[in-house]
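Beneath this line is the structure, given in structure tokens, with notes to follow.
The values are calculated or read from the model by the stated rules, or taken from the named source; none is laboratory data. This structure is a prediction, so every number in the text was calculated from the model and none was measured. Every residue, glycine among them, receives a Cβ derived from its backbone with ideal geometry; neighbour counts consider all protein chains shown.
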């Protein structure tokens, strides 16, 4: 069966890798709107569920080469004093660029997949209901006017998914209550000091925090999370972001100031974080959503990429013995049944952590911003 993968990020590359191990899937075409050298996120945590999924997707790959192990969380006040600390089940802080490069090599290495870059899907064509398949996508139209036919379609195009809009026009992301400035510092001494600890510094009034962790190669991924109603960033140029964080974080812990001083803010970006209320279904006929297209969650959970990897593994298991589009539609329905409870849990946990973040820091300390 021929597959069209809309989106070449974590979800799309993971799904392509999974399909490559199924002999009855003849060819996968990945449609990625961004070229290879386009700017992307700095890094993220591969949590135990994501690492387990990777081991199933590509058991011969040593994914630890893409990052640095994190084994402890230290939650601190803005002045650096420790509020509480937690041991963590080991997670891997990875460079997004290095990880995607490694995952892309894995996805395309079998010779049964290709990637088309710099193109967007503008619309789909649908065939009438056909037995078990229901309404069935026949092809997707690209900006170039070219139509690509396929038998199965996988929507992996992120939180702002165009393909989701085509399948479920009423699905809407929430408003952005939290903004996040994501940066990376070239700071070998700070990276050594952080070691395997994720540090997060909190304004006691709530609604403002700085997180940092070593990503490897002497680099530190750090971010500023802020209440969008209280802290407004109208200019996202590098110089304006630098001026904003310098003023906002004046007097914070020495580690925070060191990270600021070793950052090229022209590489930083502002992320307006939004989540997606749980969908009633994750598929329509022979088309299915996974990753952020299916379940965009707030960054407090650290589960965006991890859940995408698990989605791909679950779908691959369900598709292992499928030979027809009708069988695939049934597999997609089972995927909806299996994954929706987890998506709902992450949505609710993200909202709970957001509420805790916006409130003044409790006497018991801040909430641990990770969801297993």
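Examine the stretch 320-330 for a residue that is surrounded by 23 or more Cβ atoms within 10 Å (Cβ to Cβ) and farther than 30 Å from residue 203 by Cα, and state whether such a residue exists. Checked the stretch 320-330: at least one residue is surrounded by 23 or more Cβ atoms within 10 Å (Cβ to Cβ) and farther than 30 Å from residue 203 by Cα.
Would a scan of the stretch 82-101 turn up a residue that is touching a residue at least 12 places away in the same chain (Cβ under 8 Å) and at positive phi? Checking the stretch 82-101: not a single residue is touching a residue at least 12 places away in the same chain (Cβ under 8 Å) and at positive phi.
For the stretch 173-188, a tally of residues being in contact (Cβ under 8 Å) with a residue 60 or more places away in the chain and either in a loop (DSSP other than H, G, I, E, B) or farther than 22 Å from residue 276 by Cβ (or both) returns 11. State yes or no: is residue 303 surrounded by 19 or more Cβ atoms within 10 Å (Cβ to Cβ), out of contact with any strand residue (DSSP E or B) (no Cβ under 8 Å at 6 or more places or on another chain) and closer than 30 Å to residue 189 by Cα? Answer is yes for this residue.
Here the stretch 331-372 is the region considered, the condition is being farther than 19 Å from residue 178 by Cβ and not assigned by TED's automatic domain parsing to the domain that holds residue 310, and the residue that is surrounded by the most Cβ atoms within 10 Å (Cβ to Cβ) is 365. Set side by side, the residues 28, 74 differ, and just one is in a strand (DSSP E or B), over 15 Å from the mean Cα position of the chain (by Cα), closer than 14 Å to residue 106 by Cα and in contact (Cβ under 8 Å) with a residue 60 or more places away in the chain, which is 28.
Is there a residue in the stretch 264-277 that is closer than 18 Å to residue 20 by Cα and under 17 Å from the mean Cα position of the chain (by Cα)? Among the residues of the stretch 264-277, not one is closer than 18 Å to residue 20 by Cα and under 17 Å from the mean Cα position of the chain (by Cα), which makes the answer no.
Filtering the stretch 146-205 to residues that are loosely packed, with under 15 Cβ neighbours inside 10 Å and on the phi > 0 side of the Ramachandran plot leaves only 195.
Scanning the stretch 77-106 for residues that are over 20 Å from residue 43 (Cβ atoms) and not in a strand (DSSP E or B) turns up 78, 79, 80, 81. Step by step: first the residues of the stretch 34-63, then only those that are assigned to a loop (DSSP other than H, G, I, E, B) and either in contact with a strand residue (DSSP E or B) (Cβ under 8 Å, 6 or more places away or on another chain) or at pLDDT 95 or above (or both), then the one that is nearest to residue 88 (Cα to Cα). Which residue is that? By that ranking, first place goes to 47. Taking the criterion of being modelled with pLDDT of 85 or more and either crowded, with 20+ Cβ neighbours inside 10 Å or outside any helix (DSSP H, G or I) (or both), would at least one residue in the stretch 123-136 satisfy it? Within the stretch 123-136, not a single residue is modelled with pLDDT of 85 or more and either crowded, with 20+ Cβ neighbours inside 10 Å or outside any helix (DSSP H, G or I) (or both). The condition (being assigned to a helix (DSSP H, G or I) and at pLDDT 95 or above) is satisfied by just one residue among 333, 328: 333. Residue count for the stretch 206-226 under the criterion of being modelled with pLDDT of 95 or more, buried (at least 19 other Cβ atoms within 10 Å of the Cβ) and farther than 18 Å from residue 261 by Cα: the result is 4. If I go through the stretch 269-290 residue by residue, how many of them are assigned to a loop (DSSP other than H, G, I, E, B), surrounded by fewer than 22 Cβ atoms within 10 Å (Cβ to Cβ) and touching a strand residue (DSSP E or B) at 6+ places or on another chain (Cβ under 8 Å)? Residues flagged as assigned to a loop (DSSP other than H, G, I, E, B), surrounded by fewer than 22 Cβ atoms within 10 Å (Cβ to Cβ) and touching a strand residue (DSSP E or B) at 6+ places or on another chain (Cβ under 8 Å) within the stretch 269-290 amount to 1.
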